[in-house]
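So the structure is just underneath, and the comments pick up after that.
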Amino acid sequence: MTIQFRHIMLMIKDVPAAVKFYQEGLGLTVLKASPYMAELDANGTKIIMHGAENQAEVGGSPILSFHVDNLQETIAKLESLGASMQGRIREPSFGKVAAMRSPEGHLLSLLQLKAAPQQTITFEEAIAYTENLLSRTDLEDAQLQSEITNLVKTANGARGFFVCFLTGEWQLADNPSPAIIQALQAEPEAIADLLVKNLAMSTAMAITHRRNDDPEQASGSDRVAKRTALLIEKVDLLEVRAIAQQMQDSAATNGGEYAAFLEKWGYDAEQKQAIATKLQRFTLN
């Protein structure tokens, strides 16, 4: 039985504010950060913060996440030591997932990965799957392409893939291979909106970080924007260009399809202008 500790997970309402709290208040090192996901180092222990979908996910016990090679055997061992199951074992197509509580009540997440995801996957599990996928050195290009195509078919799978891919320390993110580009091109409707939103959000956040005199965070947002722009350029999809046009129009006029999105994040005139400028070369015009 093989068990590998991965990280401590915290569900956060405001990720940038939480990063500031743990970095400035407790001296943790920020490894990577975006508006919706951050990875910090606490003397060798990885803490991952994810933006919560709703208030109910915020707070509570931190989640200790483990990858296991035999879920049933691990559950039996932990139950013999006093742990208890929280709900049933879930079996999405990418593997088996169980939640347990330790004898002291702390929440544990156990994930036994399958070869490739197909249908149901959570945002957090998609990030973990992508991290595992990009870390592998035994995959041929055709297999990598197939894995990514299957992953981004679902909304959570696509979200998790882009968060991990765009913010992580991956050489492939700075020079994406044909396999990755072709995988994304196979699912234009799944990726178009997310690519444009990622470019808009990272562009705006870079301005916010510079206003807050935080060049390190600004550099991280710049890197996400650069990587996203490169993906948009390489996939060269009409669906992406159409949404880029809509986002640019909303940023320029404060109306249109993405006005509510820009208002939700509170972007001001300078940020909207930067978004419109960044999107100019990707529009239909």
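Every read-out reported here was derived from the displayed coordinates using simple, explicitly stated rules and does not represent laboratory data. All values derive from a computational prediction rather than experimental measurement. We place every Cβ from the backbone using ideal geometry, glycine too, and count neighbours over all the protein chains shown.
Observations
- Extension gain for the segment D174 to F21, taken as residue separation times 0.36 nm less the Cα-Cα distance, is 52.1 nm to one decimal.
- Candidate aspartates and glutamates for bridging to K278, where Cα separation is under 20 Å - those fewer than 8 sequence places away on the same chain excluded: D174, D193, D222, E233, D236, E239, D249, E257, E263, D268, E270
- The Cβ shell under 11 Å around L134 holds other residues with a net charge of -2, Lys and Arg each +1, Asp and Glu each -1.
- Mean residue ellipticity (222 nm) of the chain, computed from DSSP H runs ≥ 4 via -39,500 (n - 2.57), nearest 500: -15500 deg cm²/dmol
- For Q248, the shell of other residues with beta-carbons less than 12 Å away shows a net charge of +2, using +1 for Lys and Arg and -1 for Asp and Glu.
- Surrounding net charge for T154, when Lys and Arg each add one and Asp and Glu each subtract one, Cβ distance under 14 Å: -4
- Excluding same-chain neighbours fewer than eight residues apart, the lysines reachable from K13 by a Cα-Cα span under 21 Å are K32, K46, K197, K264.
- Size of charge dipole - the chain - debye, nearest 20, with Cβ of Lys, Arg +1 and Asp, Glu -1, no other charges: 160
- Among beta bridges that DSSP assigns inside the chain, antiparallel share in %, nearest 5: 70
- Inter-centroid distance (Cα atoms) of region 21-40 relative to region 128-184, Å: 24
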